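Only one structure is covered here, and it is reproduced in the block below.
The values are calculated or read from the model by the stated rules, or taken from the named source; none is laboratory data. Being a predicted model, the structure only gives us computed values, none of them experimental. Here Cβ is always computed from backbone atoms with ideal geometry, including for glycine, and neighbour counts include all displayed protein chains.
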């Protein structure tokens, strides 16, 4: 006797991978806060280029989030190739943006000027920094994680419709 849809949905809500992602993001949040405090304390001339400085930390966050998304999608659906992921994030602008930014970070050819233009981003103007601003105007990585939980719930609904 198999599990009911309700039991499958309840089991799918358990997500140990998300806990690991939260630990990574917590560390990056601490690094950003520490960096911001230390840099601003010594930035007498106003020369701090926060976009450049924070982009490296945001790159780590985007890559960790992309990895989480891929694991989550693959956990629910039979994914064998990179192109198969597109079906699951193309209709979700924030998720689509995360994958685009990750492709850009990894220097994949999919991240082009045209693909950035649909988000009103420019490759020549700190796309990672501005991409994180699009994901959350306050650059709050924890808020971005909340959106990931909502997206995961949508995936559960797709996999196990009521």
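Residues considered: 23, 73. Of these, the only one that is more than 28 Å from residue 124 (Cα to Cα), under 17 Å from the mean Cα position of the chain (by Cα), loosely packed, with under 13 Cβ neighbours inside 10 Å and at pLDDT 75 or above is 23.
Residue count for region 104-162 under the criterion of being at positive phi, surrounded by 17 or more Cβ atoms within 10 Å (Cβ to Cβ) and at pLDDT below 85: the result is 0.
If the condition is being touching a residue at least 24 places away in the same chain (Cβ under 8 Å), farther than 14 Å from residue 65 by Cα and not in a loop (DSSP other than H, G, I, E, B), then region 109-129 contributes 127, 129.
Residues being touching a helix residue (DSSP H, G or I) at 6+ places or on another chain (Cβ under 8 Å), outside any helix (DSSP H, G or I) and over 21 Å from residue 134 (Cα atoms): count how many of those fall in region 79-108. Residues flagged as touching a helix residue (DSSP H, G or I) at 6+ places or on another chain (Cβ under 8 Å), outside any helix (DSSP H, G or I) and over 21 Å from residue 134 (Cα atoms) within region 79-108 amount to 1.
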